[in-house]
Amino acid sequence: MAMKIPFYALFALLIPLAHAQQPVAPDVLVKSITEEVVAILKQDKDIQAGDTKKAADLIETKIVPHFNFNRMTRIAMGRNWRLASPEQQKVLAEEFKTLLVRTYSTALSNYRDQQIDYKPLRAKPEDTEVSVRSEVKQSGSSQPVAIDYEMEKTPNGWKVYDVKVGGVSLVTTYRDTFASEIRERGVDGLIKSLAAKNRQPERSKGGKA
Amino acid sequence: MARAKRLCAALLLAGTLAGCATSGGNPADPLEPLNRAVFRFNDAVDGAVIKPVAKGYRSVVPGILRTGISNFFSNLEDVWISVNDVLQGKFQRGFEDFTRVLFNSTFGIAGVFDFASDLGLQKHNEDFGQTLGWWGVGSGAYLVLPILGPSTVRDGFGLVLDTQADLVFRIDGVPVHNTLYATRGISNRANLLDASSVIEQAALDKYTFVREAWLQRRRNLVHDGDPPREREEPDDEPTK
């Protein structure tokens, strides 16, 4: 039976190995994912009309695999991370991920024709942490918005652990909210707040539902 | 001038109060209870009046016209931006921003078209609060100003000068003056409609979310997009 396995199937086994040895450069990765997602957005009338569910599916399949949500949650928790048990840490990372994905899908459903420029990567080949810088030109405003992706090298390729929009870190912006929730209601209180927020109906395009 | 004096007095008072108030959460926000009250007021006014009008404006006025209106006000701003560049010793930028005004006011027909950006003269973001920050003035306590929104003691003082230097403020004739003010306000709010819907979705507590985002944004602007790195994970340890 073993003889019937086609020869080329062996290459399929080699591909993951090759991938692990030679990860795609971080700037190339960000650019290719963004271009792929933008191409889908431009065609998808549902997402343009404010279908955040469909936008969330797009994010789940195309974007989520390239993010390190565990580290994002750790940064947002700061010194409180140690107060949480391993079980709580797992739930926190899961809830925070859901919140970020939902936020991102709201942003995507607002997407209109925007031009994205990438700045040259300032990094040495041996660097394990880099920022990939881009600028988004919006219609109606002459000042472009800077979007920076903070990335780390892992055995599974480069992963994003923070996104900065106009210098504002998506992750550290949550730090004070998390700290005050924990101060008032403990780690479980924070988990409850996150879960409650994630159960709320998603906001439709352009503001209050 | 009377208005400027009143704002100054209010800011001084806020600064003094900040000195004796006990801090609950963020040390940058000793006036949190007062700020929260003003924030709630602003949010209510925004929800009841400003946002609906901005939405109406966006649905009625065609995109091309909205961009033109936005550009017109942006061109007027560039004059004061170039002055602030020079005040910070950034002469190259000051020259670029002044050239923007010259180009856009003439070829861009009173600023309606942003020709300069197409020519590669990028718009910069400066105001007097940033100039003070550039020279090392700390931001002081976080303040939420009525209607105007998030600020700090330093940026509030900056705003007094920004208002004096505002070309729209200089225009005589109350009806014209007020119409321009209102149009600019609505145009700015309309440009922020998408951003505010993202904040609504993102924030667990909108007040703290906006405060943190605002303080980071100002710090980033003072350093022209390249602030010194902060430690991101205090007490962090490698995890498996």
Hey, among B:S82, B:S117, B:S59, B:S74, which residue is of a type in the set (S, T, Y), touching a Phe, Trp or Tyr at 6+ places or on another chain (Cβ under 6 Å) and on the phi < 0 side of the Ramachandran plot? B:S82
Do we have any residue at all in the stretch A:55-75 that's assigned to a helix (DSSP H, G or I) and more than 25 Å from A:K164 (Cβ to Cβ)? yes
Checking the structure you have, find out if any residue of the stretch B:121-141 is exposed (fewer than 15 other Cβ atoms within 10 Å of the Cβ), out of contact with any Gly (no Cβ under 7 Å at 6 or more places or on another chain) and among the basic types (K, R). no
Working carefully through the options A:P144, A:P120, find the one that is surrounded by 18 or more Cβ atoms within 10 Å (Cβ to Cβ) and over 19 Å from the mean Cα position of the chain (by Cα). A:P144
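Given the structure, is B:P175 more than 8 Å from chain A (Cβ to nearest Cβ) and part of a helix (DSSP H, G or I)? Full working, then the answer.
On the way: more than 8 Å from chain A (Cβ to nearest Cβ): yes; part of a helix (DSSP H, G or I): yes.
Answer is yes for this residue.
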Out of B:R3, B:R40, which single residue is modelled with pLDDT under 95 and surrounded by fewer than 16 Cβ atoms within 10 Å (Cβ to Cβ)? B:R3
Please go through the stretch B:197-220 and give me each residue that is at the interface with chain A (Cβ under 7 Å from one of its Cβ atoms) and aliphatic (A, V, I, L, M), ordered by number. B:V198, B:A202, B:L204, B:A213
How about the stretch B:140-170: which of its residues are under 14 Å from the mean Cα position of the chain (by Cα) and in a loop (DSSP other than H, G, I, E, B)? B:P146, B:I147, B:L148, B:D166
So which of A:S142, A:S134, A:S85, A:S105 is within 28 Å of B:L193 (Cβ to Cβ) and modelled with pLDDT of 90 or more? A:S134
If you scan the stretch B:181-205, which residues turn out to be in contact (Cβ under 8 Å) with a residue 40 or more places away in the chain and touching a helix residue (DSSP H, G or I) at 6+ places or on another chain (Cβ under 7 Å)? B:T183, B:R184, B:I186, B:S187, B:R189, B:A190, B:N191, B:L193
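The values are calculated or read from the model by the stated rules, or taken from the named source; none is laboratory data. Values in this document were obtained by computation on a predicted structure and should not be read as measured data. Note that we place each Cβ from the backbone using ideal geometry, even for glycine, and neighbour counts take in every protein chain shown.
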